[in-house]
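The values are calculated or read from the model by the stated rules, or taken from the named source; none is laboratory data. What you see is a predicted model, and the numbers here were worked out from it, not measured in a lab. No Cβ is skipped: glycine too gets one built from the backbone with ideal geometry, and neighbour counts run over all protein chains shown. These accessible areas exclude ligands, DNA and RNA; they are computed on the full protein's heavy atoms, side chains included. Shrake-Rupley method; radii C 1.70, N 1.55, O 1.52, S 1.80 Å.
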2 protein chains.
Amino acid sequence: MSVSVIAIDAMGGDFGPRCIVPASIACLAEFPSLHLVLVGQAPVLEELIARESGVDRRRLSVEHAAEVVAMDERPSQALRSKPDSSMRVALDLVRAGRAHACVSAGNTGALMALSRYVLKTLPGIDRPAMVTAIPTARGHCHLLDLGANVDCSAEHLYQFAVMGSVAAEALGLRSPRVALLNVGTEDIKGNQQVKLAASLLQQANGLNYIGYIEGDALYRGEADVVVCDGFVGNILLKSSEGLVAMIAARIESLFTENLGSRLVGALALPLLSRLKGDLAPSRHNGASFLGLQGIVVKSHGSAGADGFQSAIRRAVIEVRENLPQRLHGRLEDLLL
Amino acid sequence: MSVSVIAIDAMGGDFGPRCIVPASIACLAEFPSLHLVLVGQAPVLEELIARESGVDRRRLSVEHAAEVVAMDERPSQALRSKPDSSMRVALDLVRAGRAHACVSAGNTGALMALSRYVLKTLPGIDRPAMVTAIPTARGHCHLLDLGANVDCSAEHLYQFAVMGSVAAEALGLRSPRVALLNVGTEDIKGNQQVKLAASLLQQANGLNYIGYIEGDALYRGEADVVVCDGFVGNILLKSSEGLVAMIAARIESLFTENLGSRLVGALALPLLSRLKGDLAPSRHNGASFLGLQGIVVKSHGSAGADGFQSAIRRAVIEVRENLPQRLHGRLEDLLL
């Protein structure tokens, strides 16, 4: 098996290196051919590494970066005034060919801006998109864009559909069913961008475009790739996370309300924790930036160690499948 | 208690009069001062009424309408070519002052188009909006628009905020917290319409505007009224319905997987059915059209009798609170 080298922005996310360093080390144990470069303030990182036992330092190096992009910093500021941030240095490693991918839990807007600036987009792609897999009744659905682009033209939506389809194929799906998210399934439904994107997709060869899909059908698993603008995708993803959290809290409170319920609760607890695991955002936590000349995976800012490991796993698969190269090959056939 | 007369479009919805007639009769028992006018094909309706026992016909009349608006009919067609549809005749009863409100489970687009044409909007309101209450961790949140307006300007979003706030007050909330749905809470986040609507809302007196809200915070109950365009609201509502259905199915299958689980399932079943009831779309099923010179409540097309009763209940409250009059009074102060 060939070696994968992944650059980790070790300073990002709500929990920072205390969470990211142990999560990274756990991934080394999981993938024997994985090498990681932890990027950030070297003294902090070395101290956290020293706390872990049995670390294979031949597969774990540290690259010093003095600055940190704050979670609420403006992307333009991160781009202009922090040339030595951990995020920037990690992306530079990818551009220089010293790493195959970058994983960060940092500021999403800054990561997108820096990724575009450092790695550039693939030919024919105007804007990269963020994609993740969300659970459905039949498995998973790849949803994009998740918030990188709040205003999208029909051409952008078309490009997202192409990229989402190719990415889903790379992750193992054959002829993924691609749908446009809309407020109805009839032709007359939707806004101008969505209607125009539909007519572009109907003409595309080599895409399994199945038409419009509504929010409920998405969770019934009626498509493998669902395309929307970043405003809608972000609202859908975050409201779903909030709804799952609310339901989990209600189930727990039902089960602790009275003695009979507590008994049921004790018996049901293992089942419920399995369910929560299936639906937890962290399980499906790695979101990929598609359309760049390089692999960048964004971990949720509030992800714990589990979530960050999922993001690294996603990067490992994309490196193995050489996703940007595959995208590049297919885009030439499919783009207008 | 004063009498409320509600015109029921008895032919709409996926299940039609077989579902709507018994649901309407059940509501008569619940509200002693309620009168209902069932609008639709009289022979069909009379036959269904005759099957029910103990019906107080002094409070239940039938108004014949020969035509039915199909669920997939274009709104423009329903408007132009069906002057004698049950939906149209029910709305005409409201305009003529023979009913205080109209409830329909029919074609949403057609109901909106006919409502605007027959009842007209309130002064200062460009477009009516659809609002419903969705469950949150702390109670409920009034979400609008739900799909009546897929493209919205900042001024439309502002009007929705005003109408949503007044409606929430009418339903019993004091100084409801009003928020704009967005992809982040920082000032720089969002599309142009949302940013401009925020600046309009910041200047509004007499509104408890609390700023941007994200999808997860909505379900945490951090606002009482959440405003978005109809595209986003529709996707949020339908995806939430789909997610709840998926979770309920997973819980059920967890509990039937093996003998131990079946035992837990048998014990847990009453708890789970309570939970599903709390989260069922039908419980929060009535969606109001706000901004019209009259009361129109839309029941979900796929709602059963329970859902339709919820919609009638909502109409009863709006009649009691004289919602259009309250809106009219407040809009004069709040509109730009």
Query - Per-copy distances of the B:Arg51 label point, shortest first, in nm (7 angstrom along Cα→Cβ) - result: 6.8
Query - Amide N proximity, the range B:10-49 versus B:His64 label position 7 Å along Cα-to-Cβ, cut-off under 14 Å - result: B:39-47
Requested in this report: Specify which residue in the list A:Phe31, A:Ala305, A:Pro135 is farthest towards the positive end of the charge dipole of chain A, using unit charges on the beta carbon of Lys, Arg (+1) and Asp, Glu (-1), about the Cα centre.
Outcome: A:Phe31
Report summary line: Expected max-MSF residue from A:Ser153, A:Ser53, A:Ser115 in the GNM of chain A (alpha carbon, under 10 Å) is A:Ser53
**Report entry** Estimated dipole of chain A in Debye, rounded to 20 [Cβ of Lys and Arg +1, of Asp and Glu -1, Cα centre]
**Finding:** 460 debye
Query - Computed [θ] at 222 nm, helices only, for the protein assembly as shown once each DSSP H run of length n ≥ 4 contributes -39500 (n - 2.57) - result: -15000 deg cm²/dmol
Query raised in the report: Copy-to-copy spacing for B:Leu200, label 7 Å out on the Cα-to-C-beta vector, in nm, shortest first?
Result: 2.9
Report task. Calculate, for A:Asp126 and B:Ala26, the FRET efficiency according to 1/(1 + (r/R0)^6) with r their C-beta to C-beta distance and R0 51 Å; round to the nearest 0.05. Result -> 0.35
Requested in this report: For the range B:237-245, just list the computed ³J(HN,Hα) in residue order, Karplus coefficients 6.51, -1.76 and 1.60, θ = phi - 60°, integers in Hz, with x standing in for Gly and Pro.
Outcome: 5, 5, 5, 5, 4, x, 5, 4, 4
Requested in this report: Please calculate the 1.4 Å probe accessible area of A:Val3, with all protein chains present, and give it to the nearest 10 Å².
Outcome: 80 Å²
Query raised in the report: Can you list the trypsin sites (Lys or Arg not before Pro) in the range B:134-216 that are in a DSSP coil and have 16 or fewer other beta carbons within 10 angstrom?
Result: B:Arg138, B:Arg174
**Report entry** Computed P(r) (all Cα pairs; the range B:175-249; 5 Å bins; percent)
**Finding:** 3, 15, 24, 24, 17, 9, 5, 2, 1, 0
Query - Residues with amide H under 5 Å from that of B:Gly147, placed H, sequence gap 5 or more - result: B:Met130, B:Gly230, B:Asn234
Report summary line: Expected vector for the range A:8-19, Karplus 3J(HN,Hα) from phi with 6.51, -1.76, 1.60 and θ = phi - 60°, integer Hz, x for Gly and Pro, equals 10, 6, 7, 9, x, x, 5, 10, x, x, 4, 8
Report summary line: Here Rg/Rh (Cα, Kirkwood) for the range A:98-183 equals 0.96
Query raised in the report: To the nearest 100 Å², how much accessible surface do chains B and A cover up together, summed over both, with a 1.4 Å probe?
Result: 4600 Å²
Query raised in the report: Taking a label point 7 Å from Cα toward Cβ, how far is A:Gly329 from its twins in the other copies, in nm, shortest first?
Result: 7.1
Report summary line: Per GNM of chain B with C-alpha springs under 10 angstrom, the most fluctuating residue out of B:Asp216, B:Asp229, B:Asp126 is B:Asp216
Report summary line: Scalar couplings 3J(HN,Hα) for the range A:114-124 by Karplus 6.51 cos²θ - 1.76 cosθ + 1.60 (θ = phi - 60°), nearest whole Hz, x for Gly and Pro, are 5, 4, 5, 5, 7, 9, 6, 8, 5, x, x
Requested in this report: Would you please state the base-10 log of I(q)/I(0) at q = 0.14 1/Å for the range A:116-238, with intensities from the Debye formula using one equal scatterer on every alpha carbon?
Outcome: -0.52
Query raised in the report: Using alpha carbon coordinates only, what is the Rg to Rh ratio of chain A, with Rh defined as the Kirkwood radius?
Result: 0.99
**Report entry** Accessible surface, per residue, of chain A when the full set of protein chains is kept, probe 1.4 Å, Å²
**Finding:** 39 Å²
Report summary line: Distance in Å, no decimals, from the C-alpha centre of the range B:72-110 to the one of the range A:7-21 is 58 Å
Report summary line: Of the range A:69-94, those with amide N under 19 Å from the point 7 Å along the Cα→Cβ vector of A:Glu47 are A:69, A:86
Query raised in the report: What ratio of Cα Rg to 2.2 N^0.38 Å holds for the protein assembly as shown?
Result: 1.04
Query raised in the report: Leaving out same-chain residues fewer than 8 places away, which aspartates and glutamates sit with a Cα under 12 Å from that of A:Lys82?
Result: A:Glu67, A:Glu73
Query raised in the report: Roughly how many nanometres apart are two label points built 7 Å out from the Cα toward the Cβ at B:Tyr117 and B:Arg95?
Result: 0.9 nm
Query raised in the report: Amide H neighbours of A:Ala223 under 5 Å, counting only residues 5+ apart in sequence or on other chains, H built in-plane at 1.01 Å?
Result: none
Requested in this report: Work out the mean other chain Cβ neighbour count within 10 Å for the residues of A:213-221 and drop it here as an integer.
Outcome: 6
**Report entry** Calculated FRET value between A:Ile210 and B:Leu196, using beta carbons and R₀ = 45 Å, to 0.05
**Finding:** 0.80
**Report entry** Gyration tensor (alpha-carbon) shape descriptor, the range B:17-136, a/c threshold 1.5
**Finding:** prolate
Report summary line: Expected integer from the mean partner chain Cβ neighbour count at 10 Å over B:242-254 is 6
Report task. Run the numbers on the range A:128-166: which residues show a drop of 30 Å² or more in accessible area, chain on its own versus all protein chains together, using a 1.4 Å probe over heavy atoms? Result -> A:Val150, A:Asp151
Query raised in the report: Under a GNM of chain B (C-alpha, springs under 10 Å), which listed residue has the highest mean-square fluctuation: B:Ala90, B:Ala78, B:Ala137?
Result: B:Ala137
Query raised in the report: Amide H of A:His100: which non-local residues (sequence gap of 5 or more, or other chain) have their own amide H closer than 5 Å, using H built in the peptide plane?
Result: A:Val5, A:Ile6, A:Ala7
Report summary line: Correct response: the longest run of chain B lacking exposed GluC sites (Glu not before Pro), defined by DSSP loop and at most 15 other Cβ within 10 Å, is B:53-185
